[in-house]
Amino acid sequence: MAPKHRNVTPAAQQQQPVATSSSNVAAAPVAAAPSSSSGSVSGGSSSSKMGSKQQNSWDQVVVNIANYYSKNTPQRTKLLDAFMAFLVAVGALQFLYCVLAGNYPFNAFLSGFSATVGQFVLTASLRIQTAEANKSDFPSVSPERAFADYVVCSLILHFFCVNFIN
Amino acid sequence: MSANSLQTLANAGKGESTRTLLRVIILFLIAGASISSRLFSVIRFESIIHEFDPWFNFRATKYLVANGFYKFWDWFDDRTWHPLGRVTGGTLYPGLMVTSGAIYHALRALTIPVDIRNICVMLAPAFSGLTAYAAYLLTNEMTPSSSAGLLAAAFMGIAPGYISRSVAGSYDNEAIAIFLLVFTFYLWIKALKQGSMLWGALCALFYGYMVASWGGYAFITCLLPLHAFVLICMGRYSTRLYVAYTTWYALGTLASMQIPFVGFLPVKTSEHMPALGIFGFLQLLAFLDYVRSAIPSRQYQTFLWLFAGGTFGIGLLALVVATSAGVIAPWSGRFYSLWDTGYAKIHIPIIASVSEHQPTAWPAFFFDLNFLIFLFPAGVYLCFQELADEHVFIVVYAVFGSYFAGVMVRLMLTLTPVVCVAAAIAVASVLDTYLKADSPAPEGHQSEEGSDATTKKAAKSTLKSTSKPVVGIYSYLSKGIVVGAFTIYLLMFVRHCTWVTSNAYSSPSVVLASRLADGSQHIIDDYREAYQWLRQNTKEDAKIMSWWDYGYQIGGMADRPTLVDNNTWNNTHIATVGKAMSSREEVSYPIMRQHEVDYVLVVFGGLLGYSGDDINKFLWMVRIAEGIWPDEVKEREFFTPRGEYRVDEGATETMKNSLMYKMSYYNYNTLFPPGQAQDRVRGVRLPDVGPTLNVLDEAFTSENWIIRIYKVKDLDNFGRDHASAAAFDRGIKKKKGTKKRVARQLRIE
Amino acid sequence: MKASAVFSAALSLFTLASAASSAGSDKGTSKIKLPSTFKPPQAFKNVNLVHVVSVEKNYVKENINVLIENIDKAAQDEYYIPFTADQASRLGGVEVKDRNRKEANPPPFSAEVVEYDPTSNTQYLRIKLPAPLKTGGQQTLGITFYLLKAYSPLPASIKQDDAQFLTYTFSAYAPSVYTTTKQKTEVKFPSANIPDYTKIQDFPTKQGSKLTYGPFDEKPAGAYEPITVRFEFTKPVIHVARLERDVEVSHWGGNVAFEERYTLFHRGANLSSLFNRVKWAQAQYYNPNTYALKEMKFPLRVGSTEPYYTDVIGNVSTSRFRSNQREALLEIKPRYPLFGGWKYPFTIGWNSDAKNFVRKLAGGGYVLNVPFLEGPKQPEGVEYEEVQIRVILPEGAENVKFYTSVPSSSITSTEVTAHKTFLDTLGRSALTIKARNLVDDFRDRELVVSYDLPLSATLRKPLIIFSSILAVFVSAWLIGNVELKFTSSAIEKK
């Protein structure tokens, strides 16, 4: 199969808005420590569609989010968030490479990309299940059980990815 | 004293362990009933693989068992689709073969060497017991009443809609696929209810197994996202949904891509896009959900509309652009024909010609489901009453299952589980209400619950002391009538299912049976007679040309290379065979020589009245050939000017000269006194002079003329064409206009 | 009566057979190699020789009755008969008797095919007399042997309803390495229709279905006069290329299971024009004599039950089994009528009660007595090119010995191996005997196997099943006791 340049896969394309949206959020809290300027920049990018009229409210929204995040999130969850941000970055890099250098072999790209997406999703689920606020949603899943599930599911995910990379 | 003993008896039935024991025993009995109900053909005939498709699966399983898994995965089969061959390892669903191979090796390790043929024949009944259990588990998630689960298991075990594809001997993908379907749904509901990643991962693993087993996995791929979407639209987005769905999607899609036959389809075709779309949508919703808890609601509203709407719109636009640019394949023909039912007949005649792909007739619903079909809407209605997340699933499944079952007969199979579950819910609610012997407590009474007969007696003694007489649904008369009516319905259901199984779905179609004058069974074994003759008396790689229906059987039983078979992956090759069958000998012979055909096999039912023969299928051959060569093969030429399809004297010239007609009726008239040759299927009298064949020699005809095998003649030694060679052999007496009269010239010396 | 006769025969002859068949893998061959310059010594003279060649059946049965005289100075006990290499490969069922002695159990003659040079065209059959013949002594020998694959059809291709003719070439003078003073060759035919036969001098004389060549005067050693006869044989020429016969003995089930797998060929004339079903179906109305094989009859031992008839693609339903107290007859029809050059492999099998075949000896062992061959009984005879008999004894059987009354020159190898099947741990002892070139005249020969079965072997299987299921239960209980929880249930309840 000849390598196809500029072949943007639909999966990647579909993932991209999601990835960028979550990268918006994830980038914001990670960058919360240094400054909120990056957050405002990303917030600004989404607000650029709307024009500068609502700039103030947008800034306020983002700042509110950032404040809420840094105040109310326990350390463990921040760790998870850092991992998720890393995964997003890796996924974006892989996708960029695919766009620039062609997607041959396709299964290697898919396998690597799915590993990041899958791990991200699993970590997000773990985050949801261990958040105090959601305890009522999961009567039968204790946080310890959630972590055990996370480990098992990650093992399965990576087993498939390794098999698929070929 | 009597009250005490009755009390203890009643209490005995209330214990948890008693109930569990009862449930286990009942489930085993249901499994036993479902297995034994599928054994009719094994008892009547023998343990043999049925029909056509299972023969290929059997051959693939034998190859797997003989050569190991790695060789099987890389198998290139050069004995099919001559001269193209087929990359079998990459174009089949390996789940069924691997399951049989695993069971074979497991039994061998336990020193019980069971022949692989017996394993393959009995695999479907064994898995049907498991399917009944899976239906039990699924229904248990829907209602707390345990009787609903048991009823669903019983219905699933003997419903003819499922039996049709899982009798002993029907070694086809659906044998294990339906079990995996129901079990995957059960795991999905469990994952959804608990919001647990582990159950989601289990669901994904079984979904992967299902993808390995059957092409109908697309049903799950579309149904689960649809369920999630309906829940979201109902405003029931919850973190449990997020956890369950995303885990399932991530792991399940990865698992499904491991199968070579599926490959990259999950990211490249339209059938899988809904799942991907919902996946992205759920990420969005999770993010929004998180944000909502962080900022005041008014800001949230604006944020929501702008951000979320924008993202969703961009995503949808990207999808549409990608589909129209061709990066994502549009709906493939097989699935597209489910929406546009007239599509296949015009564009893909092969799909339209399969009898299982025809639209369902109304009686088929009752035939396959009996009284479940009118309890099914009642059960769905009861789901509406409760309407928790899992009930929404039943509703969505019911709606879409009904649509698809109405479009294609084959998809009755996917409707059967939800019908069994819903009907079980309905029947259980009726019986639970009417079998309880107690009445609502009037002043000062204790109401007892528990099993019926014993408590009825206990209740009787207390009943006398009530002041008001019981009326309505609490009176014994009404209870008796309703329970009695349902018992009769259930008994009639069992009787119907057994009758349908025994008469309609237990025929091996390789072996036919009829009754002799003295009532004993006479077996018509023509297929196997001809295949055995082919296998023993032709050279090892003699190529056989026949219509694609018999390709798998020839490969499985006669063990000879074929030109086309039931896989139908190459339409042009099949059209070539169709053209060879429907053209004159002079046109067919070069085609047969080009493909190195040694023998040609046709099925002819005229002597016996066997209506599944090739002359009846002939028009499909013509249509398929016409699809590729509309100039050379025209369907209209096979019909008389009045528009009839005739095989007797009134047949058209094209029909009489076609190879198929000649092969079917060659020498047939010599079997009868002159002028009385009769074709018992078409019910017509054939002309006195039979057709003559120049390029073929009759090699073998089976006892009842069902299979006729012809040998392709080699090139003539003198370089003549076969027509003149044969005319020469027959003597100049039979002038058939082969001599051309040249204008006489005066010789001048 | 049967048991005691069997027993005595077994006892008296075990010494002969056990040396070749004790539990090991002794592969006795029926060929003995001699030095390459071998030429049999002219120690005997054939005084009077009658050579009877019978072509009544599918195979050729030759009978040489000869009165020999020792013309050597010393006592001799080895008599040689020559064969070509091709004949030697098709030679089977050699038996030598002295018909003049009327003892109940005459001491046997040992007859083996010996070769001295694999590239030479002549191989010898060496007959060892039980006692050396003194100089000038005379001895009568009755030598019987069979030649398989003997005929060739002429014409080689005929139509479906034609009569079939076969040809056979042999020598008018019996092949011998000694001088023959007087000899005569008689040829017996299945019918009187003998269109062609070679005439030499003023022989042969034809009487009905018998041709007589001779009597001839003194002929030297190695004299050879080829005779070709062509006769009508409108019957199937059945040739079983390979027969695998399994006899499985089960003590717990009290059952002996037989299974036979045949690879059947028809060695007659091929079809000149391809098979015409119409003519065939019409011909069946008046059931003519045809050379196609339509059905085969298997007379089984009385008491045989549950026969089955299958082939590689499934059960064949065209069979009939008649069983009563006097007979058990299985009639089978092949799926298609077998014409010349066609092949048809199939499998038949049946069960029988163990007490019909197995007896317990007073000393503790068991004796199994089964027929060596139990194939089809056809008027035209059946020939077997390769036969493999496998007697599968219960698990743990030891000290396996066998005896058979089939001539040992036909037995090529014997061995005892382990055969693993249902629920076996060690494997059952299987005695495999390979023989070649037998004919259905040997249907009534028996195979006697003796073995010991200690009590521990009898109880092994039930004990193993019991203990393994017990192990499953115990492990299930153990696994059920493992707690897979993060917190104990007491804490969870809070």
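Taken together, the criteria exclude B:PHE728 from residues that are assigned to a loop (DSSP other than H, G, I, E, B) and either away from every other protein chain (no Cβ under 14 Å) or farther than 17 Å from C:LYS279 by Cα (or both). If I filter region B:223-247 down to residues being away from every other protein chain (no Cβ under 14 Å) and not in a helix (DSSP H, G or I), which single residue comes out as surrounded by the most Cβ atoms within 10 Å (Cβ to Cβ)? Ranking the qualifying residues of region B:223-247, first place goes to B:MET234. Scanning region B:250-269 for residues that are more than 8 Å from every other protein chain (Cβ to nearest Cβ) and either in a helix (DSSP H, G or I) or in contact with a Lys or Arg (Cβ under 9 Å, 6 or more places away or on another chain) (or both) turns up B:GLY252, B:SER256, B:LEU265, B:PRO266. Can you tell which of B:ALA575, B:ALA558, B:ALA580 is within 14 Å of another protein chain (Cβ to nearest Cβ) and among the small types (Gly, Ala, Ser)? Of B:ALA575, B:ALA558, B:ALA580, the one residue that is within 14 Å of another protein chain (Cβ to nearest Cβ) and among the small types (Gly, Ala, Ser) is B:ALA558. When A:GLY102 is tested against (1) within 26 Å of B:VAL291 (Cβ to Cβ); (2) more than 7 Å from chain B (Cβ to nearest Cβ); (3) crowded, with 16+ Cβ neighbours inside 10 Å; (4) modelled with pLDDT under 90, exactly one condition is not met: (1).
Does B:ILE178 satisfy the condition of being farther than 24 Å from B:PHE371 by Cβ and part of a helix (DSSP H, G or I)? For B:ILE178, the condition - farther than 24 Å from B:PHE371 by Cβ and part of a helix (DSSP H, G or I) - is not met. Of all residues in region B:564-579, those that are part of a helix (DSSP H, G or I), of a type in the set (Val, Ile, Thr) and either surrounded by fewer than 19 Cβ atoms within 10 Å (Cβ to Cβ) or touching a strand residue (DSSP E or B) at 6+ places or on another chain (Cβ under 7 Å) (or both) total 2. Among the residues of region A:136-158, those identified as more than 16 Å from B:TYR245 (Cα to Cα) and more than 9 Å from chain B (Cβ to nearest Cβ) are A:SER136, A:SER142, A:PRO143, A:GLU144, A:PHE147, A:VAL151, A:LEU155, A:HIS158. Is there a residue in region B:215-222 that is in contact with a helix residue (DSSP H, G or I) (Cβ under 6 Å, 6 or more places away or on another chain), within 14 Å of chain A (Cβ to nearest Cβ) and crowded, with 24+ Cβ neighbours inside 10 Å? Scanning region B:215-222 turns up no residue that is in contact with a helix residue (DSSP H, G or I) (Cβ under 6 Å, 6 or more places away or on another chain), within 14 Å of chain A (Cβ to nearest Cβ) and crowded, with 24+ Cβ neighbours inside 10 Å. In the set C:ALA281, C:ALA269, C:ALA292, only one residue is among the aliphatic types (A, V, I, L, M) and without any contact (Cβ under 8 Å) to a residue 12 or more places away in the chain; that residue is C:ALA281. Within region B:537-547, the set of residues being out of contact with any Ser or Thr (no Cβ under 8 Å at 6 or more places or on another chain) and buried (at least 22 other Cβ atoms within 10 Å of the Cβ) comprises B:TRP547 only. Tallying residues that are within 11 Å of another protein chain (Cβ to nearest Cβ) and either more than 16 Å from B:ILE544 (Cβ to Cβ) or of a type in the set (Asp, Glu) (or both) within region B:684-705 yields 6.
Can you find a residue in region B:689-698 that is closer than 27 Å to B:LEU607 by Cα, modelled with pLDDT under 85 and surrounded by 15 or more Cβ atoms within 10 Å (Cβ to Cβ)? So far as region B:689-698 goes, yes, one or more of its residues are closer than 27 Å to B:LEU607 by Cα, modelled with pLDDT under 85 and surrounded by 15 or more Cβ atoms within 10 Å (Cβ to Cβ). May I ask you to verify whether B:ALA625 is of a type outside the set (Val, Ile, Thr), surrounded by 16 or more Cβ atoms within 10 Å (Cβ to Cβ) and either in a helix (DSSP H, G or I) or touching a strand residue (DSSP E or B) at 6+ places or on another chain (Cβ under 7 Å) (or both)? So B:ALA625 passes the test. Kindly establish whether B:ILE394 is farther than 25 Å from B:LEU285 by Cβ, more than 14 Å from chain A (Cβ to nearest Cβ) and either surrounded by fewer than 15 Cβ atoms within 10 Å (Cβ to Cβ) or not acidic (Asp, Glu) (or both). Taking the combined requirement at face value, the residue does not satisfy it. Among the residues of region A:121-135, which ones are assigned to a helix (DSSP H, G or I) and at the interface with chain B (Cβ under 10 Å from one of its Cβ atoms)? A:VAL121, A:LEU122, A:ALA124, A:SER125, A:LEU126, A:ARG127, A:ILE128, A:GLN129, A:ALA133, A:ASN134, listed by residue number. All conditions but one from (1) under 15 Å from C:VAL60 (Cβ atoms); (2) assigned to a loop (DSSP other than H, G, I, E, B); (3) not basic (Lys, Arg) apply to C:THR228; the one that does not is (2). Can you tell me how many residues within region C:287-345 are buried (at least 20 other Cβ atoms within 10 Å of the Cβ) and closer than 16 Å to C:LYS235 by Cβ? Count: 11. A single member of B:SER514, B:SER509, B:SER502 is closer than 16 Å to B:GLY605 by Cβ and in contact (Cβ under 8 Å) with a residue 12 or more places away in the chain, and it is B:SER509. Taking region A:105-120 as the range and being facing chain B (nearest Cβ under 9 Å) and small (Gly, Ala, Ser) as the test, the residues that pass are A:SER111, A:SER114, A:ALA115, A:GLY118. Checked against (1) surrounded by 24 or more Cβ atoms within 10 Å (Cβ to Cβ); (2) of a type in the set (Phe, Trp, Tyr); (3) within 21 Å of the chain's Cα centre (by Cα), B:TRP199 passes all but a single condition, namely (3). If you check A:VAL90 against the conditions, is it β-branched (Val, Ile, Thr) and either in a helix (DSSP H, G or I) or more than 11 Å from every other protein chain (Cβ to nearest Cβ) (or both)? Criteria met by A:VAL90. Would you be able to say whether some residue in region C:436-443 is touching a residue at least 24 places away in the same chain (Cβ under 8 Å), within 18 Å of C:SER250 (Cβ to Cβ) and within 15 Å of the chain's Cα centre (by Cα)? No.
Of all the numbered requirements in (1) at positive phi; (2) within 14 Å of chain C (Cβ to nearest Cβ), B:ILE116 misses one, and that requirement is (1). In this structure, is B:LEU304 part of a helix (DSSP H, G or I), aliphatic (A, V, I, L, M) and modelled with pLDDT of 90 or more? Judged against the criteria, B:LEU304 is not a match.
The residue that is surrounded by the most Cβ atoms within 10 Å (Cβ to Cβ), among those in region B:309-340 that are modelled with pLDDT under 75 and at the interface with chain A (Cβ under 9 Å from one of its Cβ atoms), is B:ILE328. Within region C:121-172, the residues that satisfy the criterion of being over 22 Å from the mean Cα position of the chain (by Cα) and charged (D, E, K, R) are C:LYS128, C:LYS134, C:LYS159, C:ASP161, C:ASP162.
Counting only strands (runs of 3 or more DSSP E) that fall entirely inside region C:118-176 and contain at least 2 residues that are over 30 Å from C:GLN201 (Cα atoms), the qualifying elements are C:122-133, C:138-147. Just one of the numbered conditions (1) within 14 Å of chain A (Cβ to nearest Cβ); (2) at pLDDT 95 or above is not true of B:TYR186: (1).
The values are calculated or read from the model by the stated rules, or taken from the named source; none is laboratory data. If you're wondering where the values come from, they're calculated on a predicted model, not measured in any experiment. As a convention, Cβ positions derive from the backbone with ideal geometry for all residues, glycine included, and neighbour counts pool all protein chains shown.
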